[in-house]
Amino acid sequence: MQFQEHQLEQQAPPLVESSGNLEFGAAGTNVERNVGGASRTGPHRWHSFLKGILRKSCLLDLLSCATAQDRVEILLYHGFCLGSRPDPRFPKLMPIDLFEEHVRICARYLPPLSLDQLLKPGSRGVVITFDDGYANNFDLAFPVLRKYRMPATVFLTTGFVDRSTPLWGNWLEFLVMAAQARDSVFEWRDSKVNLPLTSSLRRTEVVAGLMRALRQLPIADVHEFLRALENHLKLRFNWKNVPNLLQPLTWDQVRTMRQSGLVSFGCHTVSHPVLSRCTREAQTLEIFESKRRIEEELGENCTTFAYPYGKHSDYTEATKEIVRSAGFDFVLSAESGSTKPSTCNPYELPRWGADLELNELSFLVSGGPALSGYLKKHGWRWERTLPSHLTEH
């Protein structure tokens, strides 16, 4: 099976010498998501300044009242770290103080909604969701939800929570970062993969390149690759060695959150595959088994699902047929956009990611994109003050 090489923003020496099954180049060093939008520069900084003026002048409160009808904003989060700044060891984790500020902003401009309230007539508000099932959702985010009485839905990758199957990205990162410092060539099927592991920078590039390549494979092949990589590096993934901030929830923690009445739980597959790369049979097993495990542990019907990765290219028409046959009421993507309950497709609900500056988030949940669309319709160009991901639906 052949895959085309990605064009990368920052080029590094290729990781592959000769390729049959796998083709990729090393990515740039920015492996993880930008959390909180802290690195936005240039025009975005000026746009954020303008939206900050609106926020501090209370004009966004008026905008929220004028644009709130038949509008729901769904926000997507993953994991969290302590404090107000990103942890350099775990850059993908959002500082919990920043999450609390997100919650305060959401509560200011829109009423909180649980996911099951989304399609009720006249629904308006904000929905909080978390993907994967990290224990820090319980340790750090759950107290914030309780403090503000903010409902949320956590989408569980059940193999992760069962500690039977690591999230493959974490598995890969563990192996590359914990391996002995040396350069080597790893042979897998018809591919020869260069593994320059003599510096933190090169390890980061190796992780980025492999992440990008492995996302093109069926999940069974990803797991086969990682087991072969373990043999090559003479290293085994060990749950006990996983840092606390990257540990999964326990089922007892899941039940405690559910019993609070604030948090519900949905499916996010068993092993977090790119479903569009899997056969229909593999997709069916991932989806139905995840649903079964959650229902078995919680003793109630599981009615919600979130596509892993969640972009349109990450699932297929067959995937949508399977989730319908599984009996889900709501299915969430990771495409950006607002939800209009009266006309939305409940099997492809969009969500905004966590990479929003506070002023952008305020503008978003107060109805800024709706205002931008109105002004554009009438010939104004205010939408230029919004990043493209807040104006494209």
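Could you check segment 145-156 and list, in sequence order, the residues that are in contact with a strand residue (DSSP E or B) (Cβ under 6 Å, 6 or more places away or on another chain) and of a type in the set (Phe, Trp, Tyr)?
Phe155
Considering only segment 225-250, how many residues are touching a residue at least 24 places away in the same chain (Cβ under 8 Å), outside any loop (DSSP other than H, G, I, E, B) and not small (Gly, Ala, Ser)?
Matching residues across segment 225-250 total 12.
Would you check if there is a residue in segment 257-266 being surrounded by fewer than 19 Cβ atoms within 10 Å (Cβ to Cβ), at negative phi and at pLDDT below 95?
There is no residue in segment 257-266 that is surrounded by fewer than 19 Cβ atoms within 10 Å (Cβ to Cβ), at negative phi and at pLDDT below 95.
Condition test on Arg189, is it touching a Pro at 6+ places or on another chain (Cβ under 8 Å) and surrounded by fewer than 18 Cβ atoms within 10 Å (Cβ to Cβ)?
Here the answer is no, as Arg189 does not meet what is asked.
Do we find a residue being closer than 26 Å to Glu289 by Cβ, among the acidic types (Asp, Glu), out of contact with any helix residue (DSSP H, G or I) (no Cβ under 9 Å at 6 or more places or on another chain) and modelled with pLDDT under 95 anywhere in segment 97-117?
yes
Might you check whether a residue that is touching a strand residue (DSSP E or B) at 6+ places or on another chain (Cβ under 8 Å), assigned to a loop (DSSP other than H, G, I, E, B) and on the phi > 0 side of the Ramachandran plot occurs anywhere in segment 295-309?
Among the residues of segment 295-309, not one is touching a strand residue (DSSP E or B) at 6+ places or on another chain (Cβ under 8 Å), assigned to a loop (DSSP other than H, G, I, E, B) and on the phi > 0 side of the Ramachandran plot, which makes the answer no.
Here's a check for you: in segment 158-193, which residue that is within 29 Å of Asn136 (Cβ to Cβ) and part of a loop (DSSP other than H, G, I, E, B) is nearest to the chain's Cα centre (by Cα)? Give the derivation first.
Restricting attention to segment 158-193, the residues satisfying the condition of being within 29 Å of Asn136 (Cβ to Cβ) are 158-179.
If we keep only those that are part of a loop (DSSP other than H, G, I, E, B) as well, we get 162-167, 179.
Values: Asp162: 20, Arg163: 20, Ser164: 21, Thr165: 18, Pro166: 16, Leu167: 13, Ala179: 27 Å.
Checked segment 158-193; the qualifying residue nearest to the chain's Cα centre (by Cα) is Leu167.
Restricting the search to segment 157-192, which residues are in contact with a strand residue (DSSP E or B) (Cβ under 6 Å, 6 or more places away or on another chain) and within 30 Å of Phe330 (Cα to Cα)?
Matches in segment 157-192: Thr157, Phe160, Val161.
Taking Leu375 as the residue in question, decide whether it is in contact with an Asp or Glu (Cβ under 8 Å, 6 or more places away or on another chain), among the hydrophobic types (A, V, I, L, M, F, W, C) and either at pLDDT 85 or above or within 14 Å of Val72 (Cβ to Cβ) (or both).
Values: in contact with an Asp or Glu (Cβ under 8 Å, 6 or more places away or on another chain): yes; among the hydrophobic types (A, V, I, L, M, F, W, C): yes; either at pLDDT 85 or above or within 14 Å of Val72 (Cβ to Cβ) (or both): no.
Spelling it out, it is not the case that Leu375 is in contact with an Asp or Glu (Cβ under 8 Å, 6 or more places away or on another chain), among the hydrophobic types (A, V, I, L, M, F, W, C) and either at pLDDT 85 or above or within 14 Å of Val72 (Cβ to Cβ) (or both).
When the residues of segment 232-249 are narrowed to those that are surrounded by 12 or more Cβ atoms within 10 Å (Cβ to Cβ) and hydrophobic (A, V, I, L, M, F, W, C), which ends up nearest to the chain's Cα centre (by Cα)?
Leu246
Quick one: which of Leu118, Leu167 is of a type outside the set (Gly, Ala, Ser) and closer than 18 Å to Val72 by Cβ?
Numbers: Leu167 fails: closer than 18 Å to Val72 by Cβ.
The unique qualifying residue is Leu118.
Within segment 204-231, restricting attention to residues that are within 19 Å of Gly159 (Cα to Cα) and among the hydrophobic types (A, V, I, L, M, F, W, C), which residue is surrounded by the fewest Cβ atoms within 10 Å (Cβ to Cβ)?
Filtering segment 204-231 for residues that are within 19 Å of Gly159 (Cα to Cα) and among the hydrophobic types (A, V, I, L, M, F, W, C), the one surrounded by the fewest Cβ atoms within 10 Å (Cβ to Cβ) comes out as Ala220.
The values are calculated or read from the model by the stated rules, or taken from the named source; none is laboratory data. Please read these numbers as outputs of a predicted model, since none were measured by experiment. A quick note on method: Cβ atoms are made from the backbone with ideal geometry, for glycine too, and the neighbour counts reach across all protein chains shown.
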